[in-house]
Amino acid sequence: MKSIRIVHLISTFAIGLFAGLLYTFEQGVIPTLMTLNATEYARVEQGLIRSLDAFPTGVIVVASLAMLLPLYPLVLLWQQRNTAYWRFTALGWALFFFGVGIFTIVLNVPINNAVLAWDPAAPPADWENARNTWNTLNAIRTPINYISFLLMIWASFEMPEGSAQETPFLESR
């Protein structure tokens, strides 16, 4: 049970870090970006994308942990899937995985890739459309991330007590 607690803590922390990043973008970065002209926007946005995607501390690492780690307790505790812990963890994971992770990969990342290809000295005429679309997408995934984070916190209060011997699936390991 200790490994499940540790993995749950780390995955909740990763989901929370991502929620904090999206909160920062919604409250500070996006309003600032909205004040920039096309050249300034292209230059600053490209810098943000490159720095956030940098390894090993980049957003990709945190998002990957948040998308994959919750699967560990969900698989190990499959026989306890009727518990509040399992259900809150499963819902928190699903919201993050699909509503933030897949959503970002399918919708936000292509816009980021297009922005990275821009010449900052001569951004495309429709640069504002790309910016506004990205901002709208971010406004959708941000509350989904918050809900996911809250569900993971809630799940931690519902975590089953006891040792691995009390978990039938773990007895055979």
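The values are calculated or read from the model by the stated rules, or taken from the named source; none is laboratory data. Predicted model only: the values in this text are computed from it and were never measured. When we count neighbours, we look across all protein chains shown, and the Cβ atoms used for this are built from the backbone with ideal geometry, even at glycine. When the accessible area is computed, the model is the full protein with side chains, heavy atoms only, and any ligands, DNA or RNA have been set aside. Shrake-Rupley method; radii C 1.70, N 1.55, O 1.52, S 1.80 Å.
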Could you please find all residues in the range 1-36 being open to solvent by 80 Å² or more (accessible area, probe 1.4 Å), not in a helix (DSSP H, G or I) and not β-branched (Val, Ile, Thr)? Met34
Candidate set from the range 63-74 (those that are of a type outside the set (A, V, I, L, M) and modelled with pLDDT of 90 or more); member that is most open to solvent (accessible area, probe 1.4 Å): Tyr72
Restricting attention to the range 129-150, which residues are farther than 19 Å from Trp93 by Cα and either of a type outside the set (D, E, K, R) or touching a Ser or Thr at 6+ places or on another chain (Cβ under 9 Å) (or both)? Asn129, Ala130, Asn132, Thr133, Trp134, Asn135, Thr136, Leu137, Ala139
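Out of all the residues in the range 38-47, is one or more of a type in the set (Lys, Arg) and free of Cβ contacts under 8 Å to residues at least 24 places away in the same chain? Can you show your working first?
Of all residues in the range 38-47, those of a type in the set (Lys, Arg) come to 43.
After this cut, where a residue has to be free of Cβ contacts under 8 Å to residues at least 24 places away in the same chain as well, the list is none.
No, the range 38-47 contains no residue that is of a type in the set (Lys, Arg) and free of Cβ contacts under 8 Å to residues at least 24 places away in the same chain.
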Looking at (1) at pLDDT 95 or above; (2) farther than 22 Å from Thr24 by Cα, which is the only condition Ser163 fails? (1)
Which pairs turn up if I take residues in the range 104-127 that are assigned to a helix (DSSP H, G or I) and look for partners that are aromatic (Phe, Trp, Tyr) with beta carbon separation below 6 Å, at least 6 apart in sequence or on another chain? Ile111/Trp134
As an exercise: evaluate Val106 against (1) open to solvent by less than 40 Å² (accessible area, probe 1.4 Å); (2) over 30 Å from Lys2 (Cβ atoms) and give the number of the one condition it does not meet. (1)
Subset of the range 75-99 (residues that are open to solvent by 50 Å² or more (accessible area, probe 1.4 Å) and not aliphatic (A, V, I, L, M)): Trp78, Gln79, Arg81, Asn82, Arg87, Phe98
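Name every residue in the range 39-62 that is open to solvent by 20 Å² or more (accessible area, probe 1.4 Å), assigned to a helix (DSSP H, G or I), within 30 Å of Asp126 (Cα to Cα) and not hydroxyl-bearing (Ser, Thr, Tyr), in order of residue number. Steps first, please.
Step one: of the range 39-62, the residues open to solvent by 20 Å² or more (accessible area, probe 1.4 Å) are 39-40, 43-44, 47-48, 50-57, 59-62.
Those left that are additionally assigned to a helix (DSSP H, G or I): 39-40, 43-44, 47-48, 50-52, 59-62.
The next check asks that each one be within 30 Å of Asp126 (Cα to Cα); those that pass are 39-40, 43-44, 47-48, 50-52, 59-60.
Within the range 39-62, Glu40, Arg43, Val44, Gly47, Leu48, Arg50, Leu52, Val59, Ile60 meet the criteria.
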Among residues of the range 84-136, those that are small (Gly, Ala, Ser) and more than 16 Å from the chain's Cα centre (by Cα), counted: 7
